[in-house]
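The values are calculated or read from the model by the stated rules, or taken from the named source; none is laboratory data. It should be emphasised that the depicted structure is a prediction, and the values quoted were computed from it without experimental measurement. Because the Cβ atoms are built from the backbone with ideal geometry, glycine has one as well, and the counts that use them run over all protein chains shown. Areas reflect the complete protein model, heavy atoms only, side chains present, ligands, DNA and RNA absent. Shrake-Rupley method; radii C 1.70, N 1.55, O 1.52, S 1.80 Å.
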Amino acid sequence: MEPTSVHDDVHDEARLIAAAIEAEKKAAWFYRTMAEMTSDASAKTTLEGLSNDETSHAETLTKLFVEMTGHGVVSPPDASVEGWPDPFDFPSTSRRAALEFALKSEIRAAALYESQADACDEPRRVEIFRRLAETERRHAARLQHELG
């Protein structure tokens, strides 16, 4: 029988991954919506690329969730990750506000994935979290560039 603390750690990690999946899906929706609303060609390209990347992240995390739990369906968590911006609460459609909101989301996502990598003992998961963190840092740099 597995010690309770190990089971709790896996359960906590699975809950966090489920929250990250939901956040990635929301981010993909947000970026896609903002891309459709902007007339700025450069911002549109950046936002579409971010949407595609976030969709890919959700797919990667879903595979990891299934491997960890054996469940093929990821239920949305009761609450989002603390401190993570919720794109459904976004109050503005201005280009600058959208990019600033996205930048904040990418910085927080990178920090979350880096902390998950640091807390994880399984090498494959560590590699996944580090790769996701690096991608989110690249997104933040791209958004910084767009913001000028």
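Solvent-accessible area assigned to carbon and sulfur over the stretch 105-148 amounts to 52 percent, based on a 1.4 Å probe. Here each label is just a point 7 Å from Cα along the line to Cβ, and for E67 and R130 those points are 1.5 nm apart.
Residues H71, H57, H145, sorted by accessible area with the largest first, give H145, H71, H57 [1.4 Å probe; ligands and nucleic acids excluded].
Can you figure out the FRET efficiency of E122 with A97, using R₀ = 41 Å and their beta-carbon distance, to the nearest 0.05? Before the final figure, lay out the partial values.
On the way: r = 39 Å, r/R0 = 0.95.
So, using R0 = 41 Å, E works out to roughly 0.60.
Highest mean first, what order results for 15-24, 120-129, 44-53 on Cβ atoms within 10 Å?
Numbers: 15-24: 21.0, 120-129: 14.3, 44-53: 18.4.
So the peptides 15-24, 120-129, 44-53, ranked by packing, come out 15-24, 44-53, 120-129.
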